[in-house]
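The values are calculated or read from the model by the stated rules, or taken from the named source; none is laboratory data. Computed from a predicted model, the values in this text were never measured in an experiment. Heads up, the Cβs are rebuilt from the backbone with ideal geometry, glycines too, and the neighbour counts pull from every protein chain shown. These accessible areas exclude ligands, DNA and RNA; they are computed on the full protein's heavy atoms, side chains included. Shrake-Rupley method; radii C 1.70, N 1.55, O 1.52, S 1.80 Å.
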Amino acid sequence: RLNAIQNFGAIDILCADKTGTLTEGKVALIEHIDISGRENEKILDYAHLNSFYQTGLKNLLDAAVLKHESTHPKKISSGYKKIDEMPFDFKRRRMSVVVDAPENKRILICKGAVEEVIAQSSHVLLGGRIIPLKNIHQKNKEDIVAKMNKSGFRLLAVAFREMSKDRQVFSTKDEKNLTLLGFLAFLDPPKATAGQAIADLKNHGVEVKILTGDNELVARHICEEVKLKIKGILFGEEVEKMSDAKLAEAAEAANIFFKLEPHHKERVVKALQSRGHVVGFLGDGINDAPALKAADVGISVDGAVDIAKESSDIILMEKSLAVLKDGVREGRRIFGNIVKYLKMAACSNFGNMASVVGGSIFL
């Protein structure tokens, strides 16, 4: 949208989602480990069934599961049948499918954010035995998750629950008393140009803030990779509880926002605008659409989902983020040209205007 070019030159804050914008968007499934850190094929099998049978929007993580070399269609064709599903939403941060297994069992398979899945789990499968989750030391659970997150891995948890064969319809209320299988670790490296692009924008007076749905450790890792100094952080639940006035003050001070839901991102953008900032938002996912709409300039990438592109003012056709600096400079140059034209038009027409005004008074 051409009328966004002037705003592009005027932005002093650029809010950016992480996945697919600052990162390559080429997610690879690296590990599938249980709570003790050992690889377990059952985690991969159940994750594959979950991703294969879900009918919602498959994201990069689902694609990585389905593409993994250890998974193949034979695992699906070996007698499994889908019964029902509970689609993903940003409140629950998980999704489930119910399938009939070849061994005459009906199984609910849940895949989602680590904290949310563990919160619904009462047992864990370890060494072929199902044991109460409370028997696993809390520190052991936290250590393995923290270790993977600090290395830049995005983690999903996989859990299951055996269900009654008599039931055909299920709901999110059934996502409880789960047995935790383990974790899937994904790697999505940062774009090679991201660090330089952030430095260039800073030199042009544009501050970059990261708004992500991932947890703090993953957000911190990506900031280290792109050499973005952390000034302050805000958690999604904190954003939820704050008034608009309080959020506006806090959003100015912080530059990392993590575990955000889509409406949190929109609130942060509007809060910054209320403090007189011209805000750009860079995103590519379905969860970025509200913020892209709310921003003074919505920027997306060519590989983004349709709703993100439709909500954007500008779409980057190159994978390099260096074009952002060029866009800001071009927007400022165009604004400068507009001002020059207005000054020239005012000067050249001043005599005519003075004559008409003077003549009107005289007559």
Task: Exposure rank, largest accessible area first [His123, His48; 1.4 Å] - done: His123, His48
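Just the number please: accessible area per residue for the chain, 1.4 Å probe, all protein chains included, in Å².
Working: 17940 Å² over 363 residues.
Per-residue accessible area for the chain comes out at 49 Å².
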Task: Estimated distance in nm for a label pair at Ser151 and Glu249, the labels positioned 7 Å out from Cα along Cα-to-Cβ - done: 4.2
Open item on the list: Against the 2.2 N^0.38 Å scaling, with N counting residues, where does region 134-278 land? I'd like the Cα-based Rg ratio to two decimal places.
Closed with: 1.32
TODO: Measure out, as a whole number of angstrom, how far apart the alpha-carbon centroids of region 256-315 and region 86-135 sit.
DONE: 32
Open item on the list: How far apart, in nanometres, would the label points at Asn3 and Glu39 be if each is projected 7 angstrom from Cα along the Cα-to-Cβ direction?
Closed with: 5.7
Task: Listed residue (Gly112, Ile286, Ile130) projecting farthest to the positive dipole end of the chain, Cβ model - done: Ile130
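Multiply the residue gap between Asn135 and Lys231 by 0.36 nm, knock off their C-alpha separation, and tell me the result in nm, one decimal place.
Values: separation 96, 0.36 × 96 = 34.56 nm, distance 3.87 nm.
This chain segment gains 30.7 nm when fully extended.
I'd like the trypsin sites (Lys or Arg not before Pro) in region 211-269 restricted to DSSP loop residues with at most 10 other Cβ atoms within 10 Å, sorted by number.
On the way: sites: Arg220, Lys227, Lys229, Lys231, Lys241, Lys246, Lys259, Lys265, Arg267; in loops: Lys227, Lys229, Lys231, Lys259.
Hits after loop and neighbour filter: Lys229.
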Open item on the list: From the helices alone, meaning DSSP H stretches of at least four residues, give me the mean residue ellipticity at 222 nm for the chain, per-run term -39500 (n - 2.57), in deg cm²/dmol to the nearest 500.
Closed with: -12500 deg cm²/dmol
Task: Among [x] 23.6; [y] 21.1; [z] 16.9, the entry derived from the coordinates for mean projected area of the Cα convex hull in nm² - done: [x]
- [ ] Quantify, in whole percent, the carbon and sulfur part of the accessible surface of the chain (1.4 Å probe; protein heavy atoms only).
- [x] 55
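How long is the gain from Arg275 to Lys81 if the chain were fully straight, where each residue apart is worth 0.36 nm and the alpha carbon distance is subtracted? List each step's numbers first, then the result.
Working: separation 194, 0.36 × 194 = 69.84 nm, distance 5.41 nm.
Computed gain between Arg275 and Lys81 is 64.4 nm.
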Task: Residues in region 199-240 reached by a label modelled at Glu116 [backbone nitrogen below 20 Å; 7 Å Cα→Cβ] - done: 211-220, 234-240
Task: Cut-off of 10 Å, at most 14 other beta carbons, DSSP loop: longest stretch of the chain lacking such GluC sites (Glu not before Pro) - done: 104-317
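Mind checking the full-extension length gain between His204 and Asp306? Use 0.36 nm per residue of separation minus the Cα-Cα distance, one decimal, nm. Walk me through the numbers before you get to the answer.
Working: separation 102, 0.36 × 102 = 36.72 nm, distance 3.06 nm.
Full-extension gain reported as 33.7 nm.
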Task: Euclidean distance between Cα centres, region 141-169 to region 198-231, Å - done: 28
